[in-house]
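Read through the structure below, which is laid out as structure tokens, and then see the notes.
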Amino acid sequence: QAKASGRNTHLIFSPAMIETSRRKLNIANNINDGIKENEFSLRYQPKVNSLSEVVGYEALARWDNKKLGNVSPAEFIPVAEQSGKISAITYWLVHQVIQDMQQILDINRKIKVSLNLSAHDLKDTSLVTLVGKLLEKHNINPMNLQFEITESAYLENFELANQFISRIKEMGCSIALDDFGTGYSSLSYLTKIDIDTLKVDKQFIDNICVSERNAIITNIIVDMANALNLEVCVEGVETLEQSDLLAGFGCHTLQGYYFGKPEPLNSVLTALQK
Ligand code: C2E
Ligand code: MG
Ligand code: MG
Ligand code: MG
């Protein structure tokens, strides 16, 4: 927001705003080189069932740049989306995840691995073709791969998202609707989309033990998902109390720091071997 400051009443950009856009530009300009220089890496965060057994992992991107240092995906993903660089990240991601899956599945064939897609990816039909080729190359059952798509990305282009999803599902992969409940969406779209899993956003989970309203709403979302035959995954579980409450609600899959933080592939492989 423009801020009038003393003599410079015509000032339109504050120094903070200029600094922010400079950083965004810096991030956008370094993404392609970052990928080439192997600065991007993946962490895998476990998902557990009601018996606390690991049933899946979510791949989460990390970026350690020479000049910018560690940049969080919460920062670089939106910049990549705005600057048209997200495709490059997604192509890298798909190659890396499917390659890593081979090692994960060699230890446990039942593990499901998920990766996050952005709105722009849903318009890219060659992405689906690539995924198919990579799964074949690494001899991976498509059932082991899940795509997480945020509610807002889905709703940005409903028609195209539906087409993309039906091609992904024809191939045998599954779809999770990520960050469910955070957008300004109506529930009616749930009757028109073909997803497998609802991922309830951390925002709801954060307060379930202190706010009865949050607990009630979360309970109802879980009941609704169960009634619709959708799997439910809750994210951001940080305490035993939350975990117990959510298990009581009938959640199938739980994810959060209480069960495990995002870890590099090697730690995941070691943990799975035990
Ligand atoms: P998301 O997909 O909703 O992922 C969950 C985020 O919450 C992750 O942050 C994860 O580390 C964090 N988290 C999980 N459990 C807990 C918990 O118990 N407590 C707290 N405080 N946090 C928890 P991260 O890795 O920083 O990722 C942020 C977002 O960036 C992701 O949200 C996802 O939307 C996006 N993202 C990450 N990697 C990728 C990627 O490869 N591609 C795309 N398109 N988006 C990505
Ligand atoms: Mg996700
Ligand atoms: Mg999420
Ligand atoms: Mg989230």
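Numerical summary
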quantity: Hey, residue 61 within 16 Å of ligand 3 (Cβ to nearest atom), farther than 14 Å from residue 35 by Cα and either at pLDDT 95 or above or surrounded by fewer than 18 Cβ atoms within 10 Å (Cβ to Cβ) (or both) or not; calculated: no
quantity: Strands (runs of 3 or more DSSP E) within segment 94-185 that include 1 or more residues small (Gly, Ala, Ser) and within 16 Å of ligand 3 (Cβ to nearest atom); calculated: 112-117, 174-180
quantity: Pairs with Cβ under 9 Å, 6+ apart, first in segment 217-246 and in contact (Cβ under 8 Å) with a residue 60 or more places away in the chain, second assigned to a loop (DSSP other than H, G, I, E, B) and not hydrophobic (A, V, I, L, M, F, W, C); calculated: 233/252
quantity: Filtered residues of segment 56-72 (kept if assigned to a strand (DSSP E or B) and near ligand 1 (Cβ under 7 Å from one of its atoms)); calculated: 58, 59, 60, 61
quantity: Residues satisfying the stated conditions in segment 26-52, i.e. among the aliphatic types (A, V, I, L, M) and either within 23 Å of residue 114 (Cα to Cα) or at pLDDT below 95 (or both); calculated: 31, 35, 42, 48, 51
quantity: Residues satisfying the stated conditions in segment 120-132, i.e. open to solvent by 20 Å² or more (accessible area, probe 1.4 Å) and within 16 Å of ligand 1 (Cβ to nearest atom); calculated: 120, 123, 124, 130
quantity: Leading residue by the ranking (most open to solvent (accessible area, probe 1.4 Å)) among those in segment 195-207 that are part of a loop (DSSP other than H, G, I, E, B) and within 19 Å of residue 253 (Cβ to Cβ); calculated: 196
quantity: Search result, residues across segment 208-220 that are open to solvent by less than 20 Å² (accessible area, probe 1.4 Å) and either more than 16 Å from ligand 4 (Cβ to nearest atom) or over 20 Å from residue 246 (Cβ atoms) (or both); calculated: 215
quantity: Filtered residue count, segment 235-274, keeping only those that are within 25 Å of residue 203 (Cα to Cα) and assigned to a helix (DSSP H, G or I); calculated: 10
quantity: Output for segment 193-219, where each listed residue is within 13 Å of ligand 3 (Cβ to nearest atom) and of a type in the set (Ser, Thr, Tyr); calculated: 197
quantity: Close pairs from segment 133-161: first open to solvent by 10 Å² or more (accessible area, probe 1.4 Å), partner of a type in the set (S, T, N, Q) and modelled with pLDDT under 95, Cβ under 7 Å, at least 6 apart; calculated: 155/185
quantity: Conditions (1) more than 24 Å from residue 63 (Cα to Cα); (2) in contact with a helix residue (DSSP H, G or I) (Cβ under 7 Å, 6 or more places away or on another chain); (3) surrounded by 14 or more Cβ atoms within 10 Å (Cβ to Cβ); (4) not small (Gly, Ala, Ser): number failed by residue 108; calculated: (3)
quantity: The listed residue being of a type in the set (Gly, Ala, Ser), away from ligand 1 (no atom under 13 Å from the Cβ) and either without any contact (Cβ under 8 Å) to a residue 12 or more places away in the chain or in contact with a strand residue (DSSP E or B) (Cβ under 9 Å, 6 or more places away or on another chain) (or both), out of 260, 250, 256; calculated: 250
quantity: Only one of 176, 271 that is buried (at least 21 other Cβ atoms within 10 Å of the Cβ), modelled with pLDDT of 95 or more and under 24 Å from residue 62 (Cβ atoms); calculated: 176
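The values are calculated or read from the model by the stated rules, or taken from the named source; none is laboratory data. Here the structure is a predicted model, which means the values were calculated and not measured. Counting neighbours? That spans all protein chains shown, and the Cβs are built from the backbone with ideal geometry, glycine included. The accessibility values were calculated without ligands, DNA or RNA, using every heavy atom of the protein model including side chains. Shrake-Rupley method; radii C 1.70, N 1.55, O 1.52, S 1.80 Å.
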